[in-house]
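The values are calculated or read from the model by the stated rules, or taken from the named source; none is laboratory data. These figures come from a predicted structure and were not determined experimentally. Backbone-built Cβ (ideal geometry, glycine too); neighbour counts: all protein chains shown. Accessible surface areas use protein heavy atoms only, side chains included; no ligands, DNA or RNA. Shrake-Rupley method; radii C 1.70, N 1.55, O 1.52, S 1.80 Å.
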Amino acid sequence: MLSVKQGGNGSHFYSLWFDCTLACCDCHSPQHHGRDVTVKVAVSFSETVAGLNFVQTAECLQLTAQPNKDSTVKVSTNLPLEECAVCIISGVNDTQLSCHSTLALVPEKEVKLLFNCSQSVEQAYTVTVTQIIACTENTCSPSTVETQPLLLSEFTRTFIWQIQAPAKIVVGLDVLGEGLRETSKPCDNGYQYSVDTPGTNGKADTHYCTGGSVTHLDLLSEAVVSLRVQPKTQVESVVFQASAGKLKGRTVVVTIDSSTTLVISRFSQEPECELCYSVDAARTCSQSGKTLTDVQSLSLEFSCLKPQESYSVEVKKTIECTKNSCTPATGELDPNLMKDFKRTLKWDINVPERTVLTLEPSSGGLKQLSAQDKCQDGPQYTVSTTRSDGQLKANSYCSGGPLSRLDLLGLTTVTVEVPQGQELDRTIFTAKAAPRVGKLLSVFPDPETNIIIHRDTVEHDCSVCVDKPPSQKCDPKKITLSEARNTSVEFTCPSPEEVFTVEVNREIDCTATSCSDTSVQAESTLFPDFNRTFTWDLKVDSTRTFQLDFPEPGMQQIANEDTCPDEHTYTLVSYLRTGPAMIGTFCKGGAVTSIGVLYKGRMLLRVPGDRKMDPLDFKLSIGPETSMIATVKVNLPRGVSDTAFISANYPNDFPDKQQMQWDFNVPDMHNYTVHFHQHTAPECLSKDVEVEYRKDKKKVTKVGLTDKQPNHQQGNFNMVLKNCETNTTLQGLSLKYSVSVMRSGHPVLCTVDLSKQPEVALQIEKVGSDPFCEMSVNTEVVKKINVAAGAQAELSFLDCPNEDVQLTASQFIGCQNVASCSETLLTVPILDSCLRMPLHSFTWHLNIPQDSTIDLVSPSGGLQQSLPGQECNSPVSLHVEESQGFSVGDFCSNGTIQKVQVHANISVTATTRDFSKMTGPFLNVTFTEEIPETIIYQVSPQMSSPTLLATPNWPNGMRPASTVSWVVALPSGYQAHVQFVNVSQPKCADRHTCIKVKMLDSEEEMLSRREDEKTDDKLLLPRSFYVNMSNCIPEDGNFGAVTQIVLERKTNLLGIILGIAGALLLMLIVLAVVCFFVRKKKKERMLKESSIYLGGGNIFKARERQFSKARSDNDSHVYASIDETMTYGHLLGDTSYADRMEDHFKGMQVDSYHTFTGPSELPVIQEPEQEPEMDQFNTFLDPAETFIPSRPRTPIDRQDSLGFHDRRMVDNELHTFRNTGDLSVIRLSGVDMEPEPEEEYL
């Protein structure tokens, strides 16, 4: 319920009656804690308030307060009254409130206060408790300075003690409890002491925190001490003990040597203070200051408590230097000399001429300051040098920088400004002197070249001298070298590049000499540390031009006041009769290829001293006759570009009645547009400003500066800017424009859909030299296109010939379980037909479980490993690589490697000229069980040529801790020569490398060598074998080897020996038969003569040798009887009888028989040779089970053929052989046996 009453006399008195329900969370009064309180109050405002709208209380607090005697307590808030108020609760039953923004409490009177605020109560109110400490000459009241700890402790409280004392009486406050420490930051524990001293000329209060060494404060009258306490912070009840006494001032004892001058100066007149000292019983006093030198333990008496607030101190010293040393050699000072005062330390250092003074700060490096900066903490150093001409240069420094030394010339003054109380080392710096060594250079100018050395700054004391004494000439400003001779140039300062600049000028007069493609270049070795300007003054006949041709990549025009990024800035100036005209400023790397300038001009190159020279070599030649002041030839780049150009003298006026031409070469299939960005038009007195455009064999098009310029046109064109005769008192002609170029071609679009081939991915990248081929994927321009497996993409190719892009594809083939994985054929899938570029290579990524193996077999015969000396000529190349990046090898078809087994994930990359012509798979892939080695090659060497085998990743070395085997199957009847033609061994960190050779049918090692053992170069292996190599973990180097295998046919020594033995035996048999018949004939002649009775025949005598009838009609061959003893008489051993029968038979021989010995060579039974199986090899099979040797050829001996009958001797009992010892021949068939084929040698 609210009522408002109006008072008289025009003022308003408001009484507001309302019910205020205070929840316990909002009302923190000790009397109402823990329960809701309903208070019916009347609120009275003594001010006139218009339109009062009392806001409901957001937070309230009720407290009781009773200030101490002699203290003034004020409670206040900075918020408006309608938002925050402090109210006095009074009346019957505490029903009346009197609310204010600021409320002063009456000492020793208890009062109830209600704090009602829309914001946090603790932060909204402050309490100030003020007490006066009144002192006489001897005592203070109160002598114990107390606080009121419980008074309104919920708020921020400030206890203030004002000091009142007679003149020249000092009040001392002893700090009780912890000491104080001076600070400039807020205190962490909620306590903040402040001391305000009167008469400090606006100096800020001194602040203290607890926990320091200050236990006593000396104060004068009107000083104020305060203690600020944060809310709810407990405060001690007694903080100071006050006392009073006469002001005694302060005494400082100083000692000054004869080389030091101490100047004490007064900079403030408040507080009142006087300086006095006594020398030889004479007392001297001064209020302004004093200068002292050469005093010992002099007492300086100041009549004020803090003389440092009124006086400053300057300490002056002098250092004398010769050309080699300084005395004293250090700048030293007693660090405790008047430490509490603001000190200025000054050293005047005298240095002879041509002497370098070096100052080295002892506190570390220095950091140079700008003129307006000051050192935040610590001393500030100022170094001033005075040149011989009286000019002064000063630099300021702070500690903590990179400068460890200062080299100075001339008279030097070092000033150090030290703040009050700043700690300082005894030694400030070290001074060294040395003869000033200048810089000596030897220069040899080229003929017709002038070198001008001139001063660029006046800050340094330095001269340049030419030649050597006594003919040496020196000049502090400028000197010119024009003679083509070796010249000595000396600078008298150590860093002349900071003082002088160098200009190298050359004059080229093409009217007197021939200038046909003359090379113009800057001499980069001249004065490399100086700022250099190279100038070429060029001249031709007045109607012709001199032409400058720039090499690739041309020049780029920039604004005339700009500098090139590489700080090699070229400027071209034309000299007209009306004055010089700047054609332009250029940098390396742009579209400008040539510039022709009429008659006479100058080319400039500016390079700073800290930049390495990289000049542009351009060609100078004589151009055609022209009326243009300059002709600029431009090759606009391909692609999208915007090239800027400016007129001569831009932004100043283009020369009157002159014209300038630009020749633009526009790339094919590109459109150009001319944009005028900025231009100024002059007032023409005759003719008009025109811009002319001309194309080949087309008429000239003339437009004005404000007309429409060429837009989206093609072909080369010329542009000419013509100026009129202008009113020179007004603004002239200027033009800034650009020529933009863009492609006019149409992109080739291709939609790639790999969703039907989810395991195939594509990659397309640029490989051509044309940088303007533009590829994009889904409208995003990229340098390389990647289409992920199973994805779709919109591809675009702009100005990309097929030969400039390279298409590669890949496919992922995985096997999760060997038992369920069937044989896989590596074939190239059909790609989208919109991909017009040929496929460069295709890669299959084969992944298997850890306990599996990949078998690779060529469907068109074996594989050949490509090696030096065994290169592949096949159109298809296969590169096999492990997933870890180690190569298994490069292969092609028609080789000796029947199978490659790899115990790892691999990738196979096929490369050929034209994939479209390839039919059938590249490889057959099967997945088998795990093998113990990393890689196994199964090899069948051929007789046609040697076989070379290299370790994986040759020549870079095998993968660490890997093994490889070659299983080599030899054909029957052949043996192999194995040679390790190239072996590289590493230094092993763990394990060893090993090379082993074993026969397949034996466990015997034919070779076993480690990396620290010598490997046999050659081995002869008679049967199939295998080679195993294992790598260590190398520390340095790689392990690799190349093995050569050469086949040769075996030699059968046993057969040769048996053949020879058989031939000898046959010869012995023939010889025996011959001997038999010869002896038989001899014995027959030894037979006695006897008569032979022939019935019905003739009778002849025994010795008659002839018959009366011929053999055909007589019976001489018919025997009536045969003397058996005579028949076998040749078997008798009597040779004498045979001798007597020597001439018995000399007629025709009758019925003799020679034994049949059969054919001279026996037939051999041919049996087919059994070839070893090549389909599969298992390392752990018994070689005897795998490789079965062929049976030997088995001829049939004649002795073993029994029961053979010679058909010609079938009726002769003596010549029938039944004995195994006799020789006979039996035919096995009626067909004649063919002889054994001879060996074929390849």
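Being in contact with a strand residue (DSSP E or B) (Cβ under 8 Å, 6 or more places away or on another chain), open to solvent by 20 Å² or more (accessible area, probe 1.4 Å) and not in a strand (DSSP E or B) is the filter here; which residues of the range 377-400 pass it?
If the condition is that a residue be in contact with a strand residue (DSSP E or B) (Cβ under 8 Å, 6 or more places away or on another chain), open to solvent by 20 Å² or more (accessible area, probe 1.4 Å) and not in a strand (DSSP E or B), then Arg387, Gly400 are the ones that fit.
Of everything in the range 415-451, what is open to solvent by less than 40 Å² (accessible area, probe 1.4 Å), assigned to a strand (DSSP E or B) and closer than 29 Å to Asp537 by Cα? Give them in sequence order.
Selection gives Val443, Thr449, Ile451.
Give Cys276, Cys321 a once-over and let me know the one that is under 30 Å from Val356 (Cβ atoms) and open to solvent by less than 70 Å² (accessible area, probe 1.4 Å).
Cys321
Say whether the condition of being loosely packed, with under 15 Cβ neighbours inside 10 Å, closer than 30 Å to Gln62 by Cα and in contact (Cβ under 8 Å) with a residue 12 or more places away in the chain is met by at least one residue in the range 146-154.
The answer is yes, given that some residue of the range 146-154 is loosely packed, with under 15 Cβ neighbours inside 10 Å, closer than 30 Å to Gln62 by Cα and in contact (Cβ under 8 Å) with a residue 12 or more places away in the chain.
Quick one: Val351 ticks every box in (1) within 52 Å of the chain's Cα centre (by Cα); (2) over 30 Å from Lys439 (Cβ atoms); (3) open to solvent by less than 30 Å² (accessible area, probe 1.4 Å) except a single one, so which number is it?
Every listed condition holds for Val351 apart from (2).
Please find, among Arg532, Arg455, the residue that is in contact with a Leu (Cβ under 8 Å, 6 or more places away or on another chain) and of a type in the set (Lys, Arg).
Residue meeting the stated conditions: Arg532.
Quick one: Leu79 ticks every box in (1) touching a helix residue (DSSP H, G or I) at 6+ places or on another chain (Cβ under 9 Å); (2) surrounded by 21 or more Cβ atoms within 10 Å (Cβ to Cβ); (3) under 28 Å from Asn189 (Cα atoms) bar one, so which box is it?
(2)
If I filter the range 609-624 for residues that are more than 34 Å from the chain's Cα centre (by Cα), on the phi > 0 side of the Ramachandran plot, assigned to a strand (DSSP E or B) and surrounded by fewer than 19 Cβ atoms within 10 Å (Cβ to Cβ), do I get at least one hit? Break it down stepwise before answering.
Initially, the range 609-624 is screened for residues more than 34 Å from the chain's Cα centre (by Cα), giving 618-624.
Remaining after also requiring on the phi > 0 side of the Ramachandran plot: none.
No; the residues of the range 609-624 include none that is more than 34 Å from the chain's Cα centre (by Cα), on the phi > 0 side of the Ramachandran plot, assigned to a strand (DSSP E or B) and surrounded by fewer than 19 Cβ atoms within 10 Å (Cβ to Cβ).
Would you point out the residue of the range 680-737, among those that are free of Cβ contacts under 8 Å to residues at least 24 places away in the same chain and touching a Gly at 6+ places or on another chain (Cβ under 8 Å), that is farthest from Trp662 (Cα to Cα)?
Asp696
Are any residues in the range 634-643 buried (at least 17 other Cβ atoms within 10 Å of the Cβ) and under 18 Å from Ala559 (Cα atoms), and if so, which ones?
Val634, Thr643
So Leu359 passes all but one of these: (1) crowded, with 19+ Cβ neighbours inside 10 Å; (2) outside any strand (DSSP E or B); (3) within 54 Å of the chain's Cα centre (by Cα). Which condition number does it fail?
(2)
Within the range 829-852, can you find the residues that are among the aliphatic types (A, V, I, L, M), surrounded by fewer than 18 Cβ atoms within 10 Å (Cβ to Cβ) and in contact with a strand residue (DSSP E or B) (Cβ under 7 Å, 6 or more places away or on another chain)?
Residues satisfying the conditions are Leu831, Met837.
Conditions first: (1) under 16 Å from Gln757 (Cα atoms); (2) modelled with pLDDT of 90 or more. Ser833 passes all but one, so which condition is the exception?
(2)
Pairs under 9 Å by beta carbon, first residue in contact (Cβ under 8 Å) with a residue 12 or more places away in the chain and farther than 13 Å from Lys306 by Cα in the range 268-279, partner hydrophobic (A, V, I, L, M, F, W, C) and surrounded by fewer than 13 Cβ atoms within 10 Å (Cβ to Cβ), six or more apart or different chains?
Short answer, once both residue conditions are applied: Cys276/Cys285; Tyr277/Cys285.
Could you please find all residues in the range 985-1007 being open to solvent by less than 40 Å² (accessible area, probe 1.4 Å), in a strand (DSSP E or B) and either of a type in the set (Phe, Trp, Tyr) or in contact (Cβ under 8 Å) with a residue 40 or more places away in the chain (or both)?
Cys988, Ile995, Met999
Of all residues in the range 553-606, which are among the aromatic types (Phe, Trp, Tyr) and either open to solvent by less than 10 Å² (accessible area, probe 1.4 Å) or closer than 25 Å to Ser524 by Cβ (or both)?
Tyr570, Phe586 - these are the residues of the range 553-606 that are among the aromatic types (Phe, Trp, Tyr) and either open to solvent by less than 10 Å² (accessible area, probe 1.4 Å) or closer than 25 Å to Ser524 by Cβ (or both).
Consider Val787 carefully, then state whether it is more than 30 Å from Glu929 (Cα to Cα), among the hydrophobic types (A, V, I, L, M, F, W, C) and surrounded by 13 or more Cβ atoms within 10 Å (Cβ to Cβ).
Against the criterion (more than 30 Å from Glu929 (Cα to Cα), among the hydrophobic types (A, V, I, L, M, F, W, C) and surrounded by 13 or more Cβ atoms within 10 Å (Cβ to Cβ)), Val787 qualifies.
Of (1) in contact with a Lys or Arg (Cβ under 6 Å, 6 or more places away or on another chain); (2) outside any loop (DSSP other than H, G, I, E, B), Tyr570 satisfies all except one. Which?
(1)
Between residues in the range 800-818 that are aromatic (Phe, Trp, Tyr) and residues that are open to solvent by 20 Å² or more (accessible area, probe 1.4 Å), which pairs lie under 6 Å by C-beta distance while being six or more apart or on different chains?
So the pair list comes out as Phe812/Glu759; Phe812/His845.
Please work out which residue is least open to solvent (accessible area, probe 1.4 Å), limiting yourself to the range 250-270 and to residues that are hydroxyl-bearing (Ser, Thr, Tyr) and either in a strand (DSSP E or B) or more than 30 Å from Leu300 (Cβ to Cβ) (or both). Even if it seems obvious, please write down each step before you answer.
As a first pass, look at the range 250-270 and keep what is hydroxyl-bearing (Ser, Thr, Tyr): 251, 255, 258-261, 265, 268.
Now narrow it down to the ones that are either in a strand (DSSP E or B) or more than 30 Å from Leu300 (Cβ to Cβ) (or both): 251, 255, 258-261, 265.
Working: Thr251: 85, Thr255: 74, Ser258: 95, Ser259: 63, Thr260: 10, Thr261: 44, Ser265: 48 Å².
Across the range 250-270, the extreme among qualifying residues is Thr260.
Select, from Leu424, Leu392, the only residue that is without any contact (Cβ under 8 Å) to a residue 24 or more places away in the chain and of a type outside the set (D, E, K, R). It would help to see each step written out before you state the result.
Numbers: Leu424 fails: without any contact (Cβ under 8 Å) to a residue 24 or more places away in the chain.
Criteria check complete, one pass: Leu392.
Conditions tested, residue by residue: (1) open to solvent by 50 Å² or more (accessible area, probe 1.4 Å); (2) touching a Cys at 6+ places or on another chain (Cβ under 7 Å); (3) not in a strand (DSSP E or B).
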position	(1), (2), (3)
Cys99	no, yes, no
Glu108	yes, no, yes
Gln119	yes, yes, yes
Thr130	no, no, no
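Cβ contacts < 6 Å: first residue within 14 Å of Thr430 (Cα to Cα), restricted to the range 348-372; second residue in a strand (DSSP E or B) and charged (D, E, K, R), any location; separation 6+ or different chain. Result?
Pairs that qualify, where the first residue is within 14 Å of Thr430 (Cα to Cα) and the partner is in a strand (DSSP E or B) and charged (D, E, K, R), are Val356/Asp407; Thr358/Asp407; Thr358/Lys432.
Scanning for something open to solvent by less than 10 Å² (accessible area, probe 1.4 Å), small (Gly, Ala, Ser) and within 30 Å of Thr728 (Cα to Cα), does the range 660-682 turn up at least one residue?
Scanning the range 660-682 turns up no residue that is open to solvent by less than 10 Å² (accessible area, probe 1.4 Å), small (Gly, Ala, Ser) and within 30 Å of Thr728 (Cα to Cα).
Please count how many residues of the range 180-192 are open to solvent by less than 20 Å² (accessible area, probe 1.4 Å) and either in contact with a Lys or Arg (Cβ under 6 Å, 6 or more places away or on another chain) or modelled with pLDDT of 90 or more (or both).
Adding up the residues that qualify gives 1.
When you scan the range 1038-1094, how many residues do you find that are part of a loop (DSSP other than H, G, I, E, B), open to solvent by less than 70 Å² (accessible area, probe 1.4 Å) and at pLDDT 85 or above?
1
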